[in-house]
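One structure below.
The values are calculated or read from the model by the stated rules, or taken from the named source; none is laboratory data. This is a predicted model, so every value here is computed, not measured. As a convention, Cβ positions derive from the backbone with ideal geometry for all residues, glycine included, and neighbour counts pool all protein chains shown. These accessible areas exclude ligands, DNA and RNA; they are computed on the full protein's heavy atoms, side chains included. Shrake-Rupley method; radii C 1.70, N 1.55, O 1.52, S 1.80 Å.
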Amino acid sequence: MDQKVRVRFAPSPTGPLHIGGVRTALFNYLFAKKHQGTFILRIEDTDQNRYVANAEKYIIEALNWSNIPFDEGPGKDGGYGPYRQSERKDLYKKYADELIESGNAYLAFDTSEELDFHRKDHQEKGKTFIYNWHNREKLCNSLTLSSEEVREKIDNGEKYVVRFKSPVNESLVLNDMIRGEMKIDTNILDDKILFKSDGMPTYHLANIVDDHLMDITHVIRGEEWLPSLALHVLLYRAFDWKTPEFAHLPLILKPTGKGKLSKRDGDKLGFPVFPLAYTNDDTGEVSIGYREDGYFSEAFINMLAFLGWNPGTEQELFSLKELIEAFDIKKVGKSGSKFDAEKTKWFQHQYLIRKSDQEIANLFIPTLEKHLGNSFDKELDLEYITNVVGLIKERATFVNDLWDLGNFFFIAPESYDEKAAKKNWKEETSTLMSELSDMFKKLTDFSSSHIETELKAWITSKEIGFGKVMQPLRLSLVGALKGPHLPDIASLIGQKETVSRIRRAAERLG
Ligand code: GLU
């Protein structure tokens, strides 16, 4: 690439960022970094009716949490600011005027009542009203009115919009890095509004002007913008500006594959569709987020990267650095990709088990404090917690799962699983367990392997089945028939605690 790559993520701050938006940001980020380019955040807030005050903050926080921060954007000027369209609003009018001047746009005075009338009228005749070459010569605009009439209307304060004058009878060739070449008949295009009567540009005009002024080289965005591509390409042509390259990313589909993934799908299946939890200030409605649900951002990003892209190899786990290296926009697929909540959890699990026991232990401490109070000494206990993590993390998906999986490492069982006790604690069990506790008490080596050997030898010498001892022993130490290898548990909680737990169970269950 001869020109320095500059890409932008251009969300409208209308609410929390959907994971589809984060995926768009991610692919822009990967593309930029792959080509030593610049990743820009531009806030497209020209539609004041849909503006949500805390959305921009949310977007920035989400990008930062995901580890894909922007290089240029609000608060990070790279010489192309401002990066909020509302702060650029004065510069768009002159571009609308330029298009009127060159005959590529015109003023339209039709009131909404008039347009409604035409729509209804067409509908009654079984047709669809489109404001374009078909009708524009019959409507109230600067193509049909004389320049005096136009002047008079403006002087009278009549409201008008600026519409693009789509070309007639042309087969327009469009190029997309993912979809290849597409041809479109310009007669089907409508004359989109570029500039509104309230003095604000529409998305189309502001987006093209800013991409041009910000030297954007590649536009990577969601498939929902594909229908706008023809207009955008025509606008570049009308301005005589260099057209950037385009890539329209496939949709993220519902787990069923039918339709776009929505917040409701997430609610129904209990998984987040937003990176961070979000509270709607108006309704008070709270939406769950990946961060708050306990996902690691690396897992979240790895999962997102695979929604639409794949490296073409067997490898599934990619660090951000590896993603940058492997990413190729040409390997992004055309068809929508199904969101898979189970696969998302799988990624999280993979990242959890790959982190060091000590790192997880540190992350586990707040959960322990929540359950145990400040009673334990973090510094002193870190080694212990790390060992616990080593024994149970294989079964965990989230750090929070560790408590359910291993609370017995921190507190002796208060009660015993009733069903399991009934089935496994027989009349003679208490006596047997007391004897076992005596044997444990005498051991001079309380390592897991030594415990295992001695335990086996002891059971064999008693000439009884293993289950008769192992199940009650597990109940004694854990309180239920779950948990890792018993000798590992005993060794870790220690000799004194092991003996006392067995005696306690023998007393209570006897
Ligand atoms: N503001 C548009 C959006 O909200 C940007 C579309 C584009 O990237 O051109 O998605």
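The coefficient of translational diffusion for segment 13-75, derived via Stokes-Einstein from the alpha carbon Kirkwood radius under 37 °C and 0.692 mPa s, stands at 269 µm²/s. When every Cα-Cα distance of segment 343-454 is counted in 5 angstrom steps from zero, the calculated P(r) takes the values 2, 9, 15, 16, 15, 16, 14, 8, 3, 1 percent. Alpha-carbon geometry of segment 127-247: the Rg and the Dmax are 16.1, 49 Å, given in that order. Can you tally the net charge around ASP198? Count Lys and Arg as +1, Asp and Glu as -1, for every other residue whose Cβ sits under 13 Å from the Cβ of ASP198. The answer is +3. Cross-link partners of LYS89 among lysines, defined as those whose alpha carbon lies under 18 angstrom from its own and excluding same-chain residues fewer than eight positions apart: LYS196. Cα convex hull, the chain: 210 Å³ per residue, rounded to a whole number. Pairwise alpha-carbon distances in segment 401-473 exceed 21 Å for 38% of all pairs. Rolling a 1.4 Å probe over the protein heavy atoms gives the chain an accessible area of 49 Å² per residue. The string of couplings for segment 135-148 from the Karplus curve (6.51, -1.76, 1.60, θ = phi - 60°) is 10, 4, 6, 10, 9, 8, 8, 6, 7, 9, 8, 6, 5, 5 Hz, one whole number per residue in order, with x for Gly and Pro.
Computed over neighbours whose Cβ is under 11 Å from that of ALA53, the net charge equals -3, Lys and Arg +1, Asp and Glu -1. Summing charges over all other residues whose Cβ lies under 9 Å from the Cβ of ALA480, with Lys and Arg as +1 and Asp and Glu as -1, gives +1. Between amide H atoms placed 1.01 Å from N, distances below 5 Å from GLY222 occur with LEU249, all of them 5 or more places distant or on a separate chain. Checking the cross-link pairs LYS242/LYS338; LYS159/LYS263; LYS370/LYS456; LYS419/LYS456; LYS76/LYS254; LYS263/LYS482 against a 28 Å limit on the alpha carbon distance flags LYS242/LYS338; LYS159/LYS263; LYS370/LYS456; LYS76/LYS254; LYS263/LYS482 as lying beyond it. Projecting the alpha carbon convex hull of segment 179-287 along each direction and taking the average yields 10.5 nm². Taking the longest Cα principal axis of the chain as reference, the axis of helix 55-65 is set at about 50 degrees. Pairwise inverse Cα distances across segment 1-147, averaged and inverted, put the Kirkwood hydrodynamic radius at 18.7 Å. Taking amide H as placed 1.01 Å from N in the peptide plane, the amide H of LEU261 sits under 5 Å from that of ILE252, LEU253, LYS254, each at least 5 places away or on another chain. In segment 166-265, the DSSP beta bridges split such that about 60 percent are antiparallel, to the nearest 5. Across segment 273-382, Cα pairs under 8 Å and at least six residues apart give a relative contact order of 20 percent.
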